[in-house]
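Below is one structure, written out as structure tokens; comments come after it.
The values are calculated or read from the model by the stated rules, or taken from the named source; none is laboratory data. The shown structure was predicted, so the numbers you read here are calculated from the model rather than taken from an experiment. Quick reminder, even Gly has a Cβ in these numbers, built from the backbone with ideal geometry, and neighbours come from all protein chains shown. Just so you know, the surface numbers come from the protein's heavy atoms only, side chains and all, with ligands and any DNA or RNA stripped out. Shrake-Rupley method; radii C 1.70, N 1.55, O 1.52, S 1.80 Å.
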Amino acid sequence: MGRQHTTPGQPCRLIKIGVTGGVGSGKSLVCRRLQASGVPVVSADQLARQAVEPHSRAHKQIVKRFGKDILTADGTIDRPRLRQIITQDEAARRDLESYVHPEVGVQMQNHFRSAAAQGAWLAAVEVPLLFEAGLQDQFDAVILVSGDTEVRIHRIMQRDNVSRQQARALMHIQMEEAQKRRMSDFIIENNGSIDQMHAQVDRVLEKLAEKYKKIGENG
Ligand SMILES: CC(C)(COP(=O)(O)OP(=O)(O)OC[C@H]1O[C@@H](n2cnc3c(N)ncnc32)[C@H](O)[C@@H]1O)[C@@H](O)C(=O)NCCC(=O)NCCS
Ligand SMILES: Nc1ncnc2c1ncn2[C@@H]1O[C@H](COP(=O)(O)OP(=O)(O)OP(=O)(O)O)[C@@H](O)[C@H]1O
């Protein structure tokens, strides 16, 4: 652990990794492990939050589309309310995504550029909707974090203090797990302990190093 996934002074192509998985699958914990191993990581959820801050273009578009009722008293977006709307109204979800995703795409590329400039050989982005948004071609490899529906529901209920029905609502509008599994290069099975999940992340990193570092070293 603690090994830096960088090669200072050695120019080579940056390997771009997408980490995806359904809501509550454990993507954030997987990404934390990658980060602890020296991999530069950003989260598309965080980039999406930044994209809708007051005065941003997406913030203006959201207010125009959903009205001022979508704002809290301090002018920020009422996220639980918007979450409820998009789980019930597909057109609303598509509109929201059309405001937010372009900005997230730009910031993702900035992350990869800055990781490459710092000499990293590998960088990752946590992208919940990677397959839904058809972004797989933008990555050299996709890691899917997978978990049984029941396990995920319980984790979301505990983490977010929401009902079973609320926990299921986002799952319903996401792509089927089986389809995601077919499209992924690596699958982390996250139904067990955190230690078991960490061991799988470390193994994936070893495989990536075996596959790609040799290419970088050989030019
Ligand atoms: C709907 C919003 C306001 C809910 O905010 P909230 O703080 O409650 O949740 P958060 O942003 O942390 O997202 C939690 C999870 O919800 C799921 N989710 C979010 N947006 C979507 C969506 N459009 N479709 C399906 N699932 C989604 C993802 O699994 C995500 O990891 C927010 O997620 C949002 O603005 N979504 C639209 C932008 C988007 O598509 N983000 C996903 C990454 S680019
Ligand atoms: N192997 C595990 N053992 C116990 N708890 C876990 C495990 N994996 C994840 N969790 C817990 O489950 C919850 C969901 O994990 P995490 O937040 O990493 O998922 P996520 O995929 O990033 O979720 P979201 O899509 O909602 O952002 C968290 O509270 C996390 O601590």
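Overview of results
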quantity: Among Glu206, Glu177, Glu189, residue whose mean-square fluctuation peaks in a GNM of the chain (springs only between Cα atoms under 10 Å); calculated: Glu206
quantity: Candidate residues Met175, Met197: accessible-area rank, largest first, probe 1.4 Å; calculated: Met175, Met197
quantity: Under 23 Å from the Cα of Lys60 - lysines, other chains or at least 8 residues apart; calculated: Lys68
quantity: Length added when fully stretched, Val106-Met175, from 0.36 nm per residue minus Cα-Cα; calculated: 22.5 nm
quantity: Anisotropy class of the chain from Cα gyration tensor, a/c 1.5 cut; calculated: oblate
quantity: Within the accessible area of the chain (1.4 Å probe), percent carbon and sulfur; calculated: 48 percent
quantity: Heavy-atom accessible area per residue - segment 66-185, 1.4 Å, Å²; calculated: 55 Å²
quantity: Two-site FRET efficiency, Arg13 against Arg81, from Cβ-Cβ distance with R₀ of 41 Å, rounded to 0.05; calculated: 0.40
quantity: Spin-label pair Lys64/Asn191, simplified geometry with 7 Å Cα→Cβ offset, distance in nm; calculated: 4.7 nm
quantity: Within the chain: Cβ-based charge dipole about Cα centre, in debye rounded to nearest 20 (Lys, Arg +1; Asp, Glu -1); calculated: 240 debye
quantity: Of Thr72, Thr149, Thr87, the one that fluctuates the most in a GNM where the chain has Cα springs shorter than 10 Å; calculated: Thr72
quantity: Partners for Lys207 among lysines (Cα-Cα distance below 25 Å; same-chain residues under 8 apart left out); calculated: Lys16, Lys27, Lys180
quantity: Antiparallel %, DSSP beta bridges [both residues in the chain], to 5; calculated: 10 percent
quantity: Mean-position separation - Cα centroids, segment 145-198 and segment 74-124, in angstrom; calculated: 20 Å
quantity: For segment 15-217: relative contact order, % (alpha-carbon pairs under 8 angstrom, 6 or more apart); calculated: 35 percent
quantity: Approximate spin-label separation Val162-Ala73, in nm, with each point projected 7 Å along Cα-to-Cβ; calculated: 2.4 nm
